[in-house]
Amino acid sequence: MVRTGRTRAGTRLATALTCVIGLVLAGCTGEQRDGFRPGAADAGDPYVPGRGNGGYDVTHYGLDVRYDPSTDRLTGRAVITAAATQDLSRFNLDLAGLTVNAVRVGDARADHRRDDGELVVTPRDGLPRGQQFTVTVDYAGVPTAVVDGSLGSGGFLHTADGAVALGQPDSAATWFPVNDHPSDKASYDLAVTVPDGLAALSNGVPGPKTSADGWTTWHWSERTPMASYLTTLVIGDYRVVTGTHAGRPMVTAVAASLPPTGGAASSLARTGAIADFLASRFGPYPFDSYGGIVVADDRISYALETQSRPVYGPAFFPGDRPNPSVVAHELAHQWFGDSVSVGRWSDIWLNEGFASYAEWLWEEHDGGRTAQRNFELQYAATDWSQPSVEPGRERMFGTAVYKRGALAVHALRRTVGDDVFFRILRTWTTERAAANATTADLVALAERVAGRQLRPLFDAWLVGGSAPTLP
Ligand SMILES: [Zn+2]
């Protein structure tokens, strides 16, 4: 892992203290019956305190939700399939707001209580390590937004004609109970019921649409494990285009209030071509479907790489001008971030550095500035006091993560040459597909593929305190 010595020592100390505190707490609660103990109440990621949980690993979410825009009320049932990773006496799910009416573990009703953003579930019997189990949660209420999202408003937003659930690093817990951390990826099946005439869009492959009594149920299925922050739900009046690309479903949607043939629509229409270009550089497209959604709500001031179907805020198409760069960025994330995911947010440059670099690759391919020229301009403009790795919670969406990260990627390319560089990228996206990875994993893989030491290079370009020598 590329870190400064001071940070490593700090991490060790923090870990040791947490263990001590954990032991004391476990001893105080008196819940260590026969070695069974509660799962951790968060994932231990300091960038998102309280998010995620421990003691189990989710493999699948089966979600069935109904949303009525006229009352802003959501009713849901979540059937979560998981396996215990310890002898488990109780466990937490993340759930923001909403009222839980019943929880079952397997077929048996389970005790449950709320503790701020946590749903604490105590099954009738302890769950032995390795045991697979299902948790069924019935819930309802008016979902909430996440107001402190670093990237702008997130969570579940009630819009003029429906709703948008979206956000990084967290938003999923505003509309379903979830282990809300990218370290626990899972497959999803979603059935979403909305009034007839509205679209209900989400991730993955579309299933059948069924209507009854004025309501329509849309089905979506994402088979490849997905981090919870990459889920989305978009409900409203949309122009939905369904087709195929490279033998897989392609679903794009543009808010009906935006022009039908303008920049947003034309940019989205290039999704297949841009994905194909990126596949020629990064390796095969990692998912079973393609697409994109442009929303009209100004509170979505960002674009997010929601798995297989990125969501773009209206601000990316000012004056309804085309913006293929943002499409290239979000599609690059399908490899870097969505398929190969961070296990800790301090490694977020692994997502944003490569996605930013993909913008340079696309611009060059599209007849604009070369990647080398973008590199030179960015090099001259960079503040080297800010690190790309472990940027700090407040700077996880900062320039050092995005632009300095892209500089490091191009410096690697200049150092090892094009052949080895693209072999490193394709090996990374293949070996780490549908999994999690760290900066240390990338450095080790690059050194193996290149057959040479590269850690000093990564150190200098990612975290060094002064401008590195140009390669
Ligand atoms: Zn990004």
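Please work out the Cα convex hull volume for the stretch 107-256 and give it in Å³ per residue.
So the per-residue hull volume is 166 Å³.
Of Val205, Val164, which has the most accessible area and how do the rest follow, probe 1.4 Å?
From most accessible down to least: Val205, Val164.
Two-decimal Rg/Rh of the stretch 181-285 from alpha-carbon positions, Kirkwood Rh?
0.99
How big is the equivalent ellipsoid of the stretch 272-429 along its three axes, where each semi-axis is √(5λ) from the Cα gyration tensor, reported in whole Å from largest to smallest?
22, 19, 17
Please give the length that would be gained between Arg414 and Asp72 if that part of the chain were fully extended, namely 0.36 nm times their separation in residues minus their C-alpha to C-alpha distance (nm, one decimal).
Numbers: separation 342, 0.36 × 342 = 123.12 nm, distance 5.28 nm.
Between Arg414 and Asp72, full extension yields an extra 117.8 nm.
If you take the C-alpha gyration tensor of the chain, multiply each eigenvalue by 5 and take the square root, what semi-axes do you get, largest first, in whole Å?
Semi-axes, largest first: 35, 31, 18 Å.
Would you grab the residues whose amide H sits under 5 Å from the one on Arg73? Only those 5+ places off in sequence or on another chain, please, with H modelled 1.01 Å from N.
Asp68
In the stretch 403-433, which residues have a backbone nitrogen under 17 Å from the label point lying 7 Å from Arg373's Cα in the Cα-to-Cβ direction?
Counting only backbone N, you get no residues.
Grab the alpha carbons of the stretch 29-96, take their convex hull, and tell me the volume per residue in Å³.
129 Å³
When a/c is below 1.5 the answer is rounded, else prolate if a/b is larger than b/c, else oblate, so apply that to the stretch 142-203 with a ≥ b ≥ c taken from the square roots of the Cα gyration tensor eigenvalues.
oblate
Once you have the Cα-Cα distance between Asp57 and Ala467, take 0.36 nm times their residue separation minus that, and quote the gain in nm to one decimal.
Contour length minus the Cα-Cα distance gives 143.4 nm.
Which of the peptides 299-310, 45-56 is most tightly packed, and how do the rest follow, judged by the mean count of other Cβ atoms within 10 Å per residue?
299-310, 45-56
What number comes out for the charge environment of Leu93, summing +1 per Lys or Arg and -1 per Asp or Glu over other residues with Cβ under 10 Å away?
Residues near Leu93 contribute -3 overall.
When the Debye formula is applied to the Cα atoms of the stretch 226-276, each taken as the same point scatterer, what base-10 log of I(q)/I(0) results at q = 0.15, 0.25, 0.30 Å⁻¹?
These q points yield log10 I(q)/I(0) values of -0.50, -1.09, -1.14.
Given a Förster distance of 51 angstrom, what is the FRET efficiency for Arg124 paired with Glu447, based on the Cβ-Cβ distance and rounded to 0.05?
Here the calculated transfer efficiency is 0.50.
Past the 15 angstrom mark, what percentage of all C-alpha to C-alpha distances in the stretch 244-335 do you count? Could the numbers behind the result be given before it?
Working: 2231 of 4186 pairs.
Of all Cα-Cα pairs in the stretch 244-335, 53 percent lie more than 15 Å apart.
Out of every Cα-Cα pair in the stretch 339-449, what percent are more than 18 Å apart?
Values: 3026 of 6105 pairs.
That tail contains 50 percent of the Cα-Cα pairs.
Where does each of 344-354, 364-374, 120-130 land if you order them by average Cβ count within 10 Å, highest first?
The peptides rank, most packed first, as 344-354, 120-130, 364-374.
Expected output is a single nm value to one decimal: the length gained when fully extending between Thr244 and His365, i.e. 0.36 nm times separation in residues minus the C-alpha distance. What is it?
Numbers: separation 121, 0.36 × 121 = 43.56 nm, distance 2.40 nm.
Fully extending the segment from Thr244 to His365 adds 41.2 nm.
The values are calculated or read from the model by the stated rules, or taken from the named source; none is laboratory data. Note that the coordinates shown come from a computational prediction; the quantities given were computed from them, not determined experimentally. Positions of Cβ are backbone-derived with ideal geometry, glycine not excepted, and every protein chain shown enters the neighbour counts. In case anyone asks, the SASA skips ligands and DNA or RNA and just uses the protein heavy atoms, side chains included. Shrake-Rupley method; radii C 1.70, N 1.55, O 1.52, S 1.80 Å.
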